[in-house]
Structures are given as C-alpha cells and as structure tokens.
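Engineer: Here it is, the structure, as structure tokens.
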Amino acid sequence: MTLDIQAALEALRTGEEPVRRRVVEDLGRSGQPEAVAPLLVAVADESWPVRQAAAEALVAFDEDALLPRLEAALRNDEDAGMRNAAMEIYVKLGPRAGEALLRLLGDTDEEVRNFAAVMLGARRERRAVDPLIAALGDADVNVRHAAAASLGQIGDPKAVLPLIEVLRTEPWLQYPAIGALGEIGDPQAAPALLDLLADELLRGPAMEALGRLAGREALPRLVPHLYDPDPLLRNMAIQAVVAIEQRATASGQSLDPEVQAALRHHGLVDHLLATLADDEPNNRRTAAITLGWLKEPRAVRPLIDMLAEPALQEHATHALVSIGFQDPEAWAAGLAHPQDPVRQGTIRCLGFVAPAEGIALVAPLIHDPSVEVRAEATAAIGRLGDEDAAMLLFELLADESELIQESAMGALARLSPARVVPLLLQALANDAVKVRIRAAETLGLVRDPSAAPALMSLAEDPRESVRRAALKALGEIEAPGVAERLRRALGDESSLVRQQAVLSLGKLEDPEAAAELLPLLDDPDPKMRFVALRALGQVRNVETVPRLLGFLDDRRKELRFAAVEALGSIRAFSAVRPLTAVLRDLDRNLRRAAADSLGSIGDPQAVPALLLALEDEHWSVRCAAATALGRIRSGKAVPGLLARLGDDDATVRRAAVAAMGEIGDGRSAGPLVRALADAALQPAALEALRRMGTAALGDLERAFATSEPEARRLVVDLAGGLEDQRGRKLLLAALADDSAQVRAEAALALGEGGFMDALRPLMDLKASDPSPEVRQAAAAALKKLAPR
C-alpha cells in the first residue's frame, strides 16, 4: 500500500470528520513508519473519535518503528502539538516504552529529561523510582519538579525520605513534594508536614497532605486551624481533621471527644452549614459528614436538597440518618420535593431512621408519579413494618409496574408470616392472573409450610404461567406432599412447566429424586437436559455420576458447563481426572468452572493440574485455581501460590493470599506479612494471618522490627488475637512505639486480651502519653482489666 503523506496531512487539516477518520484508519492499517507523523497530528484532532482512532492505531504499531519517531517528535521544539501527542502515546505503550523513557531521563537536553520524568509518573512506572529519586538532584529545576510530582503518582514509600529532604529546599519544589507525600500516604511524613503549618504559603497544601496520611497524633496541631479567618484554609483544616477521624472510626475507634467539641464551636457549625451551599463539591461533602457526626438539626433541610446530587447523595444519606428525625417539617418538605431523586432519597432515609410516624409519611408516595419513588416507598414500608404495612404492600402486587410488584414482594417477605400469609393465600384466588402469580412467588420467598396445600392446588391452574409460579414457590417449601406434586408435574403438557418442576425438585435436595431426573438427560429438548443436569447437581446422588461424566464431551457448551458444576456439587472423586482435562478446554468459563468444582471435591490428586491452571492466560481461571488449592489445603500448593503474589491481577493476588491462609503452611507467613504493605491485599493478608495463628508469630515479630507504622499497627492487631506469650511481649513492646496509632492499638489489644501484667504500663500511658488517642485507648483498656 503506497501512502501519500502530504495528501493525508492535508485531509487531516481540512477534511470533514468522516474523511479524517477514514484517513486515520488507512494510515493505521498501512503499518508503515511514515504513517506515524500524520497519526500524531490526528492525536490532537478536535474530534474525540478521530483522536481515539489515531491513538489506537499508533499503539498497535511495531515499537521498533514507532519509538524512534516518538522520540523525534518529543525533541521537536517547534511543534508543541506534535510533542504533546508523542507524550500521550508514550504513556499508552508497553514495557519497552518505559525503558526508552528511563534512558531519556538521563538525556543531555533538560526539556527531554523533564518530559521523560512527567511520562514516567503518568505511566506509574515502578522501575523509575530510583532514577526519579536521583532526578530530585537534577541541575534543572523543572526536572526536579517533575520528578517529585511523578514519585507521588507512582506511590512507592521508598520515595518518602528523599521527598522530605526536598521540603527543606526552594518553594517551587516544596509544592510538588508536599503533594507527592500526600499521594503516597505514608504516615512517617506527618512530622515534617506538621512543621510546615507555620508557613502561610505552604499551610494549605500541608493540611491537604496531612488529611491523606496523618494519624490522630496530628490533630492537636490541626484543630487550631479550624478557626482560621481565611475560609479556604478553614475548609482545608476541616477536610484534614475529618479525613483523619474517618480513618480512625473506620478501624473501630470512637469519634475523638476533643475533636467533636472543637467541631461544635458555634461559629464553626455556622460555617459548616453555609458550606453546604459551597461551589466546591469536596467542601460540601466534608460539611455533610461533619454535620452528621454532630447531629446538627439545622442541617436536615440543606442535606435533603443535597440528595439531588448523585456524587454527594451517599454522604447526605449517612448524615441524615445520623441526625435522625429532628426536623419533621424538613422531612415532610423532602417528601414533597419537586425532584424525584430527592423524594426517593428522603424515603430511603426515613426507612432507616424509622420514626413512629414513618408509615403515615411514606404511604402516600406509593401513588407517586415516579416509578422509582413508588418502589422506594414500597421498600421503606416493608422496613418500617407497622400493622398497616402488610395491607399496603399487598395492594401493590397488582401495580402496573413490575418494579413495584417485585419491590412489594421483597418487602412482604421481610414481614411476619402470620401477617402476610393469610393475605397472600386469599390472593391465590384472585381473578387477575398477574396477582395470582405474584402472590405465589411471594409465598415462595416467605417459605411458610402452611402455604403448601394452597400452592399445590394452584399448580392445577389452567394458566401455564400460574402453574410455573406455583411450582417455583413449592421448590422453596419443605412440607408433606410437595415432592410428590412436583414429580407429577414432570408430565405437564407444557415444557416450561416441566422444566420448572425439574428445577424445584433440585431445590428440595432429595437424592431419591434422581430416579425421575435421570431419564430426562435423554430428552430431545436441550433446555430440559440442561435443567436436569442442574437439578442432579443439587440432589447430590453419587449414583448419577457416570451419566454426568458423559456430558463433559457434549457438543453443547452449556451442557458441558452444567455437568462440570453438577460433578463439583456432588463432590464426586471419580470425576477428578475428567475435570482436570476440562482445565485445558478452549473456553475460559469451562476452565474456571472445572477449577471451582475440583476445589469443591477437595481431592489432593487435582493439585498438579490446578498448579498448572495458576498459569492460565485468563485471570478468572487463575483466581479459581488459587481458591481451589486453598480448599484442598495441600502444602504442595504453597510455592505456586507464592508465585501468584506477583500476578498482574489484584483479584488473583487476593485469591492466592486467601488460599495460603486456608492452607496454614508456615512457609507463607513471611510473604503474607509483607503483603500487608499492599493496600489491595491487606484485608486478605490480615485474614490469612489470623487463620495461621501462632505459626505466623515469628514472622510477625520480625516484621514489627522493620515495618512502617501502618504495618506495625496491623501486626499489633494480629498479635492481639493470639493467645501466646510471645504475642503478649510484642504488645507490651508496642506500647513504647514511635507511632501513636501503634501504641493505641497495642493498649486496646492488651485490654481485650485481659493481660493483667499490662496494668502498670497502661496506667503510665494513660497518665503521660502526649497523644489523646493513646490516653483514651489506655483508659478503655484499664476499664476492661478492672475487676468486676
């Protein structure tokens, strides 16, 4: 294909959008190096589809041809558009582009070094951490600035100490260093940032960063700034204090009473109320959270208005529920608000607040013109649940909207069966088919055996849809005669009714039902064969396994899938070898299902095949294989699972961590402790280490001596749950830790554990620790240790 580059450039400059898009596609298909320059021009096109197509075309180019041309564009001082387009593509490319940028970070041209530093940050290139730390000392101030900002984007704690050093240099570099430390979020930066609060120019950015990383030990220095005369700085101080308290309360601690008292300052409450109308959404969010903490009744009306904003709705809801039913007129106004989301949100809040007059307030809105509002009112009536609720909800089963019908069904199922079942049984005789169906389905949700006779009679209804609903409900109820009625329905004239009867028989989980279900595997209808396979998996009769194995080679994928799941549900050991063969199937969903089933069976014979599946090309298969190995609990799986801690997919890494916790092999304790530093793995690693118990204690002790404050706090939390002398010693040592959060965690753990030998150090802590958080924790621990 011959390219006319000049014609392409002219078309990109003057052609209509369809023409420009077509030119881009032609250039991309050519794959020729000469196409790179016009495609870079197209990356800056005013049309998003053209820009997107150009970027996708360039990313698909051979990197040997592309990278030299990108570098040439980067060095083009005369065409900023071309340079910016090259930077955009560098960021989208694979690992080789990272290597090229690392080389450019050492270029003789300071502008090229600056661009390279910016792009390495945008790529979050972890290999660049050490070179960017070195670039903090570059001769060019712009390169130093870009290096600091990029280290924040990458987020490696290794950069914290070098960035703290940058705080002691020129203001032009202090700003990106403060921002970077905030992005990294490492608490060890807090002391250096607190020192910057005395600097009027840096106070705002420092408070913003402290809000991201500091613990409660920073609060005494931040609280005075809550009353700053500058509203902007006052808002930043509020945001920082609220963020710190949110982290503390999320970890199970109570709201700091000193902070609560500071926030209740009359002038500050007025400021927060005014901030609910601020132009900046982040300020409004912080004000909503704080006023909810303070249970400020004057905030109810503006918070109800805030329910109209999707981004702030959740925060407004939490605040309103916390404040409660303190301003009835404001709540009534919310229910009459002209905007649907506000009425809907007000109803939701009232459902949680549950005032005595809740039903009376909400009931009229079941006739609201908005379907979504009516559905919310229906659900709220079910939650509020007074004596009138059942009748109101029952009437809604005949609503024209399926959403309302389903919402009413769910709400009725949450009420007392004694109040609901009589109404539903009456509805089974209703002339309206829709009402009979919804009543039957709701009785299935209620699962009351007294409804079985009426449902068995309904299964004789002339309407196919009604018979199906009755049989579906019977599958949820254990009562005399139900299984026999379902067996009779296997002869119904309607194939859809027969299929429902099969599914309901499966739900009863009666192994004797296999005799009626097995012949259905020869039914000419593939849908019937599918539901029969599903039902046989549920009844778990091992005598059906030979027939099920035959379906692993069926030409229909859905039948192979159902057979794989059924064999796992039955836990058929004879199926292990055939299922390991399915791990090599071309379909990833079948491979994943096979791994799941092998995990359910739990036979160690499957371990070698599952270890191979840990290398599968698709994340879902690797995840299922890791989970299955955890369920089998074979120590042979540990090396393979440890290797998955480096998987590109966070879900796979979490599954590997959880599996190692299930296995409980001491070899994995060290890597699991190190995994605590990975935010994506932290909850799974904590649970895994808890499962391992004292087998992990040695690694916990070593980690405590070398970790960062947050990791040490987590180690203390784990040690507190171990009834072991070494764990107790670790907790006592943690009372002298540099971090107030660690000391507080240790104090609480000693109190929970009832360790009487901690009395003296806890009394000292309560009397003299500089942190109010630690003193409060020590007092709580001493209270637990006090004799009753």
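Engineer: Pop out the ³J(HN,Hα) list for the stretch 319-336 in order, Karplus 6.51 cos²θ - 1.76 cosθ + 1.60 with θ = phi - 60°, rounded to Hz; leave Gly and Pro as x.
Structural biologist: Each residue's phi maps through the Karplus curve to give 5, 5, 5, 5, 5, x, 8, 9, 9, x, 5, 5, 5, 4, 5, x, 6, 9 Hz.
Engineer: Quick one: angle between helix 141-154 and the longest Cα principal axis of the chain, in degrees between 0 and 90, rounded to 10, please.
Structural biologist: Helix 141-154 and the main axis of the chain meet at about 20 degrees.
Engineer: At 222 nm, what helix-only mean residue ellipticity would the chain give, in deg cm²/dmol to the nearest 500, using -39500 (n - 2.57) for each DSSP H run of four or more?
Structural biologist: Only helices count here, giving -20500 deg cm²/dmol.
Engineer: Continuing with the same structure: On the first, second and third principal axes, largest extent first, how far apart are the outermost C-alpha atoms of the stretch 16-121 in Å?
Structural biologist: 42, 25, 22
Engineer: So for the chain, averaging the separation of alpha carbon pairs under 8 Å that are six or more residues apart and normalising by length, what relative contact order in percent results?
Structural biologist: Over the chain, the number comes to 4 percent.
Engineer: Could you state the principal axis extents of the C-alpha atoms in the stretch 488-639, from the largest down, to the nearest angstrom?
Structural biologist: On the principal axes, the stretch 488-639 reaches 56, 27, 20 Å in Cα extent.
Engineer: How about Lys557: which lysines have a C-alpha closer than 19 Å to its C-alpha, ignoring those fewer than 8 places off in the same chain?
Structural biologist: Lys527
Engineer: Where only protein heavy atoms count, and the probe is 1.4 Å, what is the accessible area per residue for the stretch 160-284 in Å²?
Structural biologist: Per residue, the stretch 160-284 has an accessible area of 43 Å².
Engineer: Continuing with the same structure: Got a sec to turn the phi values of the stretch 585-599 into Karplus ³J(HN,Hα) couplings, 6.51 cos²θ - 1.76 cosθ + 1.60 with θ = phi - 60°, whole Hz, x for Gly and Pro?
Structural biologist: Whole-Hz 3J(HN,Hα) from phi for the stretch 585-599: 4, 5, 8, 5, 5, 5, 4, 5, 4, 5, 4, 4, 5, 4, x.
Engineer: Continuing with the same structure: How tilted is helix 772-785 with respect to the longest principal axis of the chain? Cα atoms for both, answer in degrees (0 to 90, nearest 10).
Structural biologist: 40 degrees
Engineer: Do any GluC sites (Glu not before Pro) in the stretch 419-478 lie in a DSSP loop with no more than 15 other beta carbon atoms within 10 Å, and if so, which?
Structural biologist: For GluC sites (Glu not before Pro) across the stretch 419-478 that sit outside H, G, I, E and B with at most 15 neighbouring Cβ atoms in 10 Å, the list reads Glu460, Glu478.
Engineer: What Rg and what Dmax come out for the stretch 230-286 when only alpha-carbon atoms are used, in angstroms?
Structural biologist: Looking at the stretch 230-286, its Cα Rg and Dmax stand at 11.7, 33 Å.
Engineer: Run down the lysines and flag those whose C-alpha is under 22 Å from the C-alpha of Lys766, throwing out any fewer than 8 positions away in its chain.
Structural biologist: List returned: Lys729, Lys783, Lys784.
Engineer: Please compute the contact order of the stretch 132-173 in relative form: average sequence separation of alpha-carbon pairs under 8 Å and at least six residues apart, divided by the residue count, as a percent.
Structural biologist: 38 percent
Engineer: Loop-only GluC sites (Glu not before Pro) in the stretch 705-749, please: DSSP not H, G, I, E or B, and at most 13 other Cβ atoms within 10 Å.
Structural biologist: Of the GluC sites (Glu not before Pro), the ones in loops of the stretch 705-749 whose Cβ has at most 13 other Cβ atoms within 10 Å are Glu723.
Engineer: If you keep only loop residues by DSSP, which trypsin sites (Lys or Arg not before Pro) in the stretch 161-214 have at most 12 other Cβ atoms within 10 Å of their Cβ?
Structural biologist: Qualifying residues, ordered by number: Arg168.
Engineer: To the nearest whole percent, what portion of all C-alpha pairs in the stretch 588-690 is separated by more than 16 angstrom?
Structural biologist: Summing the P(r) of the stretch 588-690 above 16 Å gives 47 percent of all pairs.
Engineer: Tell me, in nm to one decimal, what length is gained between Ala650 and Glu78 on full extension, where the rule is 0.36 nm per residue of separation less the Cα-Cα distance?
Structural biologist: This chain segment gains 201.6 nm when fully extended.
Engineer: Sticking with this structure for a sec: Using heavy-atom solvent-accessible surface (probe 1.4 Å) with all chains present, what is the largest-first order of Glu46, Glu245?
Structural biologist: Glu46, Glu245
Engineer: Before anything else, pin down the relative contact order of the stretch 680-788: Cα pairs under 8 Å, at least 6 apart, normalised by residue count, whole percent.
Structural biologist: 21 percent
Engineer: Would you kindly find the accessible area of Leu403, with a 1.4 Å probe and non-protein molecules such as ligands, DNA and RNA excluded, rounding to the nearest 10 Å²?
Structural biologist: Solvent-accessible area, nearest 10 Å²: 80 Å².
Engineer: So, one more: How far, in nm, would the chain grow between Leu732 and Arg126 when pulled straight, counting 0.36 nm per residue and subtracting the alpha carbon separation?
Structural biologist: 214.5 nm
Engineer: Given C-alpha coordinates of the stretch 668-788, what is the ratio Rg to Rh with the Kirkwood estimate of Rh?
Structural biologist: So for the stretch 668-788, dividing Rg by the Kirkwood Rh gives 0.97.
Engineer: Now, a different point. So, in Å, what gap is there between the alpha-carbon centers of the stretch 162-201 and the stretch 488-527?
Structural biologist: Using only Cα atoms, the two centres lie 69 Å from each other.
Engineer: Additional query: For the stretch 559-610, rounded, prolate or oblate, judged on the Cα gyration tensor with a ≥ b ≥ c (square roots of eigenvalues), a/c < 1.5 rounded, else prolate if a/b > b/c?
Structural biologist: oblate
Engineer: Additional query: Please state the shape class of the stretch 153-242: rounded when a/c is under 1.5, otherwise prolate if a/b exceeds b/c and oblate if not, all from the C-alpha gyration tensor.
Structural biologist: Prolate is the answer for the stretch 153-242, as a/c is 1.5 or above and a/b outweighs b/c.
Engineer: Something else about it: To the nearest µm²/s, what D does Stokes-Einstein give for the stretch 724-788 at 25 °C and 0.890 mPa s, using the Kirkwood radius over alpha carbon pairs as Rh?
Structural biologist: Estimated via Stokes-Einstein, D reaches 219 µm²/s.
Engineer: To continue, here is another question. With no solvent and one point per C-alpha, what does the Debye sum give as log10 I(q)/I(0) for the stretch 500-580 at q = 0.14, 0.20, 0.27 Å⁻¹?
Structural biologist: -0.37, -0.77, -1.40
Engineer: Also, I was wondering about something else. Could you state how much accessible area Val774 has, in square angstrom rounded to the nearest 10, with a 1.4 Å probe and all protein chains kept in place?
Structural biologist: About 0 Å², ignoring ligands and nucleic acids.
Engineer: Measuring from centroid to centroid over Cα atoms, what is the spacing of the stretch 18-42 and the stretch 408-478 in Å?
Structural biologist: 63 Å
Engineer: State the Cα centre-to-centre distance between the stretch 282-308 and the stretch 63-83 in whole Å.
Structural biologist: 51 Å
Engineer: Same structure, new question: Can you work out the Karplus-derived ³J(HN,Hα) for every residue in the stretch 690-699? Use 6.51 cos²θ - 1.76 cosθ + 1.60 with θ = phi - 60°, whole Hz, and x for glycine or proline.
Structural biologist: Going residue by residue, I get 4, 5, 6, x, 5, 4, 9, 5, x, 5 Hz, with x marking Gly and Pro.
Engineer: Counting only protein chains, not ligands or nucleic acids, how are Ser465, Ser739 ordered by accessible area (probe 1.4 Å), most first?
Structural biologist: The residues order as Ser465, Ser739, largest area first.
The values are calculated or read from the model by the stated rules, or taken from the named source; none is laboratory data. Please read these numbers as outputs of a predicted model, since none were measured by experiment. Cβ sites come from the backbone with ideal geometry, for glycine too, and all protein chains shown count toward neighbours. Heads up: the accessible areas ignore ligands, DNA and RNA and are worked out on the full protein's heavy atoms, side chains in. Shrake-Rupley method; radii C 1.70, N 1.55, O 1.52, S 1.80 Å.
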